[in-house]
Each structure stands twice: as structure tokens, then as C-alpha cells.
Amino acid sequence: MTLSALLLRHQANFSPVLPVDLNGPAVARLDFSARNPRVATADLRDTAAFAQLVEALLADQHATIGIGGYLENRVIYRRSAHFGPGAAEEPRSLHLGVDVWLPAGTPVLAPLPATVHSLADNDNFGDYGPTVILQHELEGTVFYSLYGHLSRREWQLLRPGQLLTKGEAFATVGPFPENGDWPPHLHLQLMTDLQGRNGDFPGVARPSEREKWAALCPDPNLVLQSKFI
């Protein structure tokens, strides 16, 4: 059984990742692809200005929480050399997780029992900032979930090997610049295999490698279960 099928089978047993209703009227889908002209033409290197744009996009939809992004080919990664925008290579712009844009300080909860696999502060401009990778097991299948753009305050209290119960708060959404210098949001990503990595995993891939990365990183909405994605 694939991980996607296994997650679908157990969906009714997952706890929320965030203490908000991701299917409520305050939530809207945000589009960061070239199809959105307000994003495509914006200079997003200034994080404060980027945050104002996110707030404006939400206000346009009478929302306070934004969500989306799985396998979205985004233009927003042009803001940082971390994603390889050089002419000599194909830049990374295919998003492998789901982002939930909401206020810094929002608690992040374990959706099912977990072990803290690894931690890292990926502090490049535009990177994850404080990051947690959790290890899970369902019906004998081991898989991983990554939480990026966190606050250092709670993150620094975690330790590899630490056990978390389902629904336990273990982190909070971080403010910029400590969250990798992004408008506050949570990046959630699922992985079938960490490929030997610790505290980090690519969250953005080259569009030409979509099939490979989609197989390795199933849709996080199997856990989040939001109708807006």
C-alpha cells in the first residue's frame, strides 16, 4: 500500500496540525504562481513588503488565513539565491509541501504519535529557519513530516528521540527574520524517505523533476484535510 493510500485510510484518526479550522470562512487559497499578476510583478526581497502583500491577498478574499501550494510552480523563490536562479541551471520553483499563512506564535501540533527525528536551524535567506522533522509509523510503514519556518523559542527545547503524543503542541509558527525571513507561515511536508538527511529536506524542486519528487513527497493535505487546497 502506498503512503498516500495509508494516510487516506487513517484520516479520521488524525489530530489537527494547527488549532484553527482550515475549512472555515476565515481561510482562502493563495496562489503564488505566475498566474497571479500581483505576485508575478512584485519585488519580494523585502520581507516586510512581502508580508503586506500576503495580508492584501487575504483581505481581497475576506480571509485571515491562507493555504495551498502543493506542487505549485511558484515565482516567489526568485527572491533568494538559495533556490538556484542562476542562468546555468534550472531554478527550483516547484513547491513540495503545503503552506499555511497565519500569525506568528500559532501553536503547531503533532497530527499523530511521533518521535522527533531531527532538528536544524536552516538560516539561509529564504530557507526554512528552525525546522523539525518527525518520524511516524502506521501499520508498520515509517514516514516523516517536516515543519519549517518555526520560532526558535520552542524549537530549541526539543531533542532528537523525544516522544510526542497525538495532538501535543511542540512548536510555534515563527516571526521573520528568524523563520528563514518569510512572512509568518507553516510549511508542512511529508516524506516517504529522508535519503539520509537530518533536520532538512528539499521543500522546492526543479519542475522537470516533478514526478520523482511527487512520489517521494505525498500531498500533505491528506493530513491537513482542507477543502481550500
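The values are calculated or read from the model by the stated rules, or taken from the named source; none is laboratory data. It should be emphasised that the depicted structure is a prediction, and the values quoted were computed from it without experimental measurement. When we count neighbours, we look across all protein chains shown, and the Cβ atoms used for this are built from the backbone with ideal geometry, even at glycine. The protein model used for the area step is the full one, side chains on, heavy atoms only, and it has no ligands, DNA or RNA in it. Shrake-Rupley method; radii C 1.70, N 1.55, O 1.52, S 1.80 Å.
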- With the 1.4 Å probe rolled over protein heavy atoms, the chain has an accessible area per residue in Å² of 44 Å²
- Message: Can you compute the charge dipole magnitude of the chain about its Cα centre, using +1 on each Lys and Arg Cβ and -1 on each Asp and Glu Cβ, nothing else charged? Give it in debye, rounded to the nearest 20.
- Response: 220 debye
- Message: Modelling each spin label as a point 7 Å along the Cα-to-Cβ direction, I'd like the E89/L6 distance in nm, to one decimal.
- Response: 3.1 nm
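When the dipole is taken about the Cα centre of segment 13-115, and only Lys, Arg (+1) and Asp, Glu (-1) are charged at their Cβ, what size is it in debye, to the nearest 20? Intermediate results must be reported in sequence, preceding the final value.
Working: 8 positive and 10 negative charges, 25 e Å.
Using Cβ point charges on Lys, Arg, Asp and Glu, segment 13-115 gives about 120 debye.
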- Query: What list of ³J(HN,Hα) couplings, whole Hz, do you get for segment 19-31 from phi and the Karplus terms 6.51, -1.76, 1.60, once you set θ to phi - 60° and write x for glycine and proline?
  - Reply: x, 9, 8, 7, 10, x, x, 7, 10, 9, 7, 10, 10
- Query: Applying 1/(1 + (r/R0)^6) with R0 = 45 Å to the Cβ-Cβ distance of N198 and H62, what FRET efficiency is obtained, to the nearest 0.05?
  - Reply: 0.60
- Message: Can you compute the helix-only [θ] at 222 nm over the chain? Use -39500 (n - 2.57) per DSSP H run of at least 4 residues, normalise by all residues, nearest 500 deg cm²/dmol.
- Response: -4500 deg cm²/dmol
- Item | Dipole of the chain [Lys/Arg +1, Asp/Glu -1 at C-beta], most positive-end residue of L3, V108, G196 | L3
- Could you tell me whether the chain comes out rounded, prolate or oblate from its Cα gyration tensor? Rule is a ≥ b ≥ c as square roots of the eigenvalues, rounded for a/c under 1.5, then prolate if a/b exceeds b/c, otherwise oblate. rounded
- Note on the structure: With the dipole of the chain defined by +1 on each Lys or Arg Cβ and -1 on each Asp or Glu Cβ, the option from L146, P220, P183 whose Cα lies farthest towards the positive pole is P220
- Message: If packing is taken as the average count of other Cβ atoms within 10 Å, what order do 163-171, 198-206, 135-143 fall into, highest mean first?
- Response: 198-206, 163-171, 135-143
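Given a 1.4 angstrom probe, I'd like the percentage of the accessible area of the chain that is carbon and sulfur, rounded to a whole number.
Values: 5200 of 10030 Å².
Ligands and nucleic acids excluded, carbon and sulfur reach 52 percent.
Based on the mean of other beta carbon atoms within 10 Å per residue, what is the order of 30-41, 114-125, most packed first? It would help to have the intermediate numbers written out before the result.
Values: 30-41: 15.0, 114-125: 17.8.
Ranking the peptides 30-41, 114-125 by packing returns 114-125, 30-41.
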- Query: For A171, which sequence-distant residues (separation of 5 or more, or a different chain) have an amide H within less than 5 Å of its own amide H, given hydrogens modelled in the peptide plane?
  - Reply: V108
- In nm, to one decimal, how far is the modelled label at L71 from the one at T41, with both set 7 Å along Cα→Cβ? 3.1 nm
- Message: Report the per residue volume, in Å³, of the convex hull enclosing the C-alpha atoms of segment 121-193.
- Response: 94 Å³
- Relative to the first principal axis of the alpha-carbon coordinates of the chain, what is the inclination of helix 47-60, with its axis defined by its Cα atoms, in degrees from 0 to 90 and to the nearest 10? 80 degrees
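Taking the Cα centre of segment 103-229 as origin, sum charge times position over the Cβ atoms of Lys and Arg (+1) and Asp and Glu (-1), and report the length of that vector in debye to the nearest 20. Present the calculation step by step, with values, prior to reporting the outcome.
Values: 9 positive and 14 negative charges, 31 e Å.
For this selection, approximately 140 debye.
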- Report ³J(HN,Hα) in whole Hz for each residue of segment 143-149, in order, from the Karplus equation J = 6.51 cos²θ - 1.76 cosθ + 1.60 where θ = phi - 60°; Gly and Pro get x. 8, 9, 10, 10, 10, x, 6
- Message: I want the antiparallel fraction of DSSP beta bridges within segment 1-116, as a percent rounded to 5.
- Response: 60 percent
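Using a Förster distance of 30 angstrom, determine the FRET efficiency expected from the C-beta separation of E168 and A26, and round it to 0.05.
Working: r = 24 Å, r/R0 = 0.82.
Once rounded, the FRET efficiency stands at 0.75.
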- Query: Given the Cα-Cα distance of A34 and A214 and 0.36 nm per residue of separation, how much length would full extension add, in nm?
  - Reply: 62.7 nm
